[in-house]
Amino acid sequence: MAVTRQTLTSTETASPVYNNPTENGNSSSASPVSDASNNQHTNITGLISSSMKNFAYLWLAVVLLIWGYIILVNTFFFLKLKKYNLCTQTEIIHTLAYCQTKLQIESNVSIVYSEHIQSPMVWGIFHPRILLPKRLLQTLTQEELSFILLHELAHIKRRDLPLHLFGMIIQGIYWFNPVIWYSMYKMKQDCEISCDASVLGVLTEEDYKKYGLTILTIMKRINELHLVPGTAGFISKQNKRRIIMITQYKKTSVKWAVITLLCLTLLTGCASLTGSVNSSDKELKNSTKNSGSANTTTPEAPTETQNNDAAPEDENISVVNTVSFQQYFDLLGVSKDTLLETLKEEPSKIDEGGLEFKENGIRIWFNAEYTAVSQVFTDRIDIDFKGAKIGDKIDSFKAAFGEPVSDNNGDMHFKYDNGFISVNYDTQTEATFAVYLLSEDF
């Protein structure tokens, strides 16, 4: 019995212990698989946390960089602005006061000019100033100056500068979001078109064309634009679209455009504001050609005939007689006396020594010596350019004159005979809206 007892005791003592229960009945030894999973989860969490932290630093750095750039540029611009000349000419001050009365603006606005200013613009939220190029101020007619001042004052009345400032703040915060950048880009375009609508709202229909021609005139003088952030200007990089909208403008459509703009702003916040303009495009397209032909007097005016055989008695069919562009192209190189004798019309003077022949629907400029015609401008829709007409797609001019010698942001030049033909078209719709006949390419 003693031997048996000793053997059992020895056996119990030598047996390995696989489980050592705790008071709760759980095993005290951890599984190797569970440890590896926990370590992997910890590593992923740490990596995400580190990445978010780095992105936060990057986001803050870019925000500060963008805001710092805007503040720095405007600070330098403000210091330069102090050196510019304050306009005190009586005629210009009276023109400004007249424009302010038209737009019902009572705030104190001053005009500053300098040869370092490239394009008309407005700057300043609390004390707005209209900035004008010195050379432009010396050559503009009083009517053209009033158009420019009306546009810049429209920016002030609409409070576009605070809106631009708010947009730049949002753009700085959401610099990583391309939708915000695109929305700001489109908003600035629509801002210019809305200002055009505000100006056209106080002009007569006879002045619509003159306003559009003023934009084209200034466009021709400015090669590059480097606008200061926070300014609003008269000329932008989307002037072709603006000209199209001017030719399609109706005073009755402004109310609906504004309502649509407000609805889009409330619904989409920082989304693009292009809906405000596109909402009225469909309504405006129906009157484009009719309004264009009504505002232009031509040597061979369009006539209306009644076709009783082919149509009911109450249906009128308009027949437009076209005029060949060749008769105007042949004016290039002729003297002023020959020009007046050919057109048989008393012209009115325009900027840079040019002449406007309203009955013929053209504008003329001379060479530097003022001895020969160097440019002929027209936007008449009844002139035949070898089968193409103003208002057609730009491809129709390619089919008529072949491949262009240059195409620069909506200004396509064709070689023709001993001169050149410059066709202005909208880069988005590709619709043409004006033509320059040139003795030399530039």
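Read-outs: derived from the displayed coordinates by stated rules, not from any lab. Quantities reported herein were computed from a predicted structural model and do not represent experimental measurements. All Cβ positions, even for glycine, are placed from backbone atoms using ideal geometry, and neighbour counts span all protein chains on display.
Here are some notes:
- Label-to-label distance, nm, for residues given as LYS393 and VAL62 (7 Å Cα→Cβ offset): 3.8
- Extension gain, LYS386 to ALA368, is 3.4 nm, computed as 0.36 nm per intervening residue step minus the present C-alpha separation.
- The simple spin-label model puts a point 7 Å past each Cα toward its Cβ; for TRP181 and PHE126 those points are separated by 3.3 nm.
- Between GLN104 and THR139, the FRET efficiency from the beta-carbon distance, with R0 = 35 Å, is close to 0.75.
- Legend: ranking of residues ARG158, ARG129, ARG380, ARG135 from fewest to most surrounding C-beta atoms inside 10 Å; resulting order ARG135, ARG158, ARG129, ARG380.
- Dipole of the range 106-175, positive direction: furthest Cα of GLY124, GLY167, ASN108, with charges on the beta-carbon: GLY167
- Taking the number of Cβ atoms within 10 Å of each Cβ as an exposure proxy, the fewest-first ranking of LYS344, LYS398 is LYS344, LYS398.
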